[in-house]
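Take a look at this one; I'll ask things after.
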Amino acid sequence: MNLYQDIENYIPFNEQEACDRALMLEYMRSCTNYLDRANRIGHFTASLWTVNPARTKTLMVYHKIYDSWAWIGGHADGDSDLRAVALRELREETGVRNASLVSDDIFSLEILTVDGHVKRGNYVPSHLHLNVTYLAEADEAEQLAVNAEENKAVKWWTFDEALRASTEPWFVEHIYKKLIAKEKCP
């Protein structure tokens, strides 16, 4: 797996993805520690848009830092296998162990702004998450578990409910609606 090549070969869904893809590739060419959160300007993260087999619901967590319902994801922390990172984050954040990627291909790209915040007693300055999203499928009957360090709740939502539950307008308008539209594309 070659992250640069995967992103370079990715066909953007819309203008947001085209712009973010170009910036990600430029960042990777000019920066060596783009996989490490020690890079306080920006670093790669991986997310999963997790759906049930009927493709009628998505799994979300109530994220403590963002104080909102959100998709599942986390930091690469030096690992260039963002597929594995995304699946690990799903297990850690929700307890789901039996999810599978619908495809090894990237599902979505986005650059996300992260406001400064306190985590584990330390201030984390504002920075960028260069995020790669994959599409996963999981059984909504599987036992869910809250990771109290990261989130307050875990829940399956219909797509419409998920859009209403999130309190992050930019994510709803530019990310979640896009992910729902892409998931529905043949």
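Values in this text are rule-based calculations from the coordinates and carry no lab data. None of the values given here were measured: they were computed from a predicted structure. Note: ideal-geometry Cβ built from the backbone for every residue, glycine included; neighbour counts use all protein chains shown.
Can you give me the long-range amide H partners of residue 57? Hydrogens built in the peptide plane at 1.01 Å from N, cutoff under 5 Å, separation of 5 or more residues or another chain.
52
Now for a separate question. In the chain, with Lys and Arg counted as +1 and Asp and Glu as -1 at Cβ, which of these residues, 98, 7, 117, has the Cα nearest the positive end of the dipole, that is, farthest along it?
Towards the positive end, the residue furthest out is 117.
Using the Karplus curve 6.51 cos²θ - 1.76 cosθ + 1.60 with θ = phi - 60°, what ³J(HN,Hα) values do you get for each residue of the range 123-128, in whole Hz, with x for Gly and Pro?
Couplings: 6, 10, x, 4, 7, 10 Hz.
Determine the dipole magnitude for the range 63-175: charges of +1 sit on the beta-carbon of Lys and Arg, -1 on that of Asp and Glu, nothing else is charged, the reference point is the Cα centre, and the result goes in debye to the nearest 20.
Once rounded to the nearest 20, the dipole reads 400 debye.
Would you grab the residues whose amide H sits under 5 Å from the one on residue 80? Only those 5+ places off in sequence or on another chain, please, with H modelled 1.01 Å from N.
When sequence neighbours closer than 5 places are left aside, there are no close amide H contacts.
Right, next: Report, by chain and number, residues whose modeled amide H sits under 5 Å from the one on residue 134, excluding near sequence neighbours (fewer than 5 apart, same chain).
Here 47, 48, 49, 107 satisfy the definition.
Right, here's the next one. Trypsin sites (Lys or Arg not before Pro), restricted to the range 37-133: which are DSSP loop and have at most 14 other Cβ atoms within 10 Å?
40, 55, 97, 120
Starting from the eigenvalues of the Cα gyration tensor, five times each then square-rooted, give me the equivalent ellipsoid semi-axes of the range 3-184, largest first, whole Å.
Working from the Cα gyration tensor, I get semi-axes of 24, 20, 16 Å.
Beyond 23 Å between alpha-carbons counts as too far, so tell me which of 119/178; 57/184; 57/119; 152/184; 57/152; 119/182 fall in that bin.
Pairs exceeding 23 Å: 119/178; 57/119; 152/184; 119/182.
Sticking with this structure for a sec: Please report 77, 160 as a ranked list, fewest other C-beta atoms within 10 angstrom at the top and most at the bottom.
So the ranking, lowest neighbour count to highest, is 160, 77.
Considering only 163, 23, 112, give the residue with the highest GNM mean-square fluctuation for the chain, with springs between Cα atoms whenever their separation is below 10 Å.
In the Gaussian network model the winner is 23.
Quickly estimate the mean residue ellipticity at 222 nm for the chain, helices only: each DSSP H run with n ≥ 4 gives -39500 (n - 2.57), and the total goes over all residues, rounded to 500.
That comes out to -8000 deg cm²/dmol.
Can you list the aspartates and glutamates whose alpha carbon sits under 17 Å from that of residue 64, skipping same-chain ones fewer than 8 residues off?
89, 92, 93, 115, 149, 150, 168
Counting pairs of alpha carbon atoms under 8 Å apart in space and at least six apart in sequence, what relative contact order in percent does the chain give?
Over the chain, the number comes to 26 percent.
Please arrange 164, 29 by counting, for each residue, the other beta carbons lying within 10 Å of its beta carbon, fewest first.
Result, fewest neighbours first: 29, 164.
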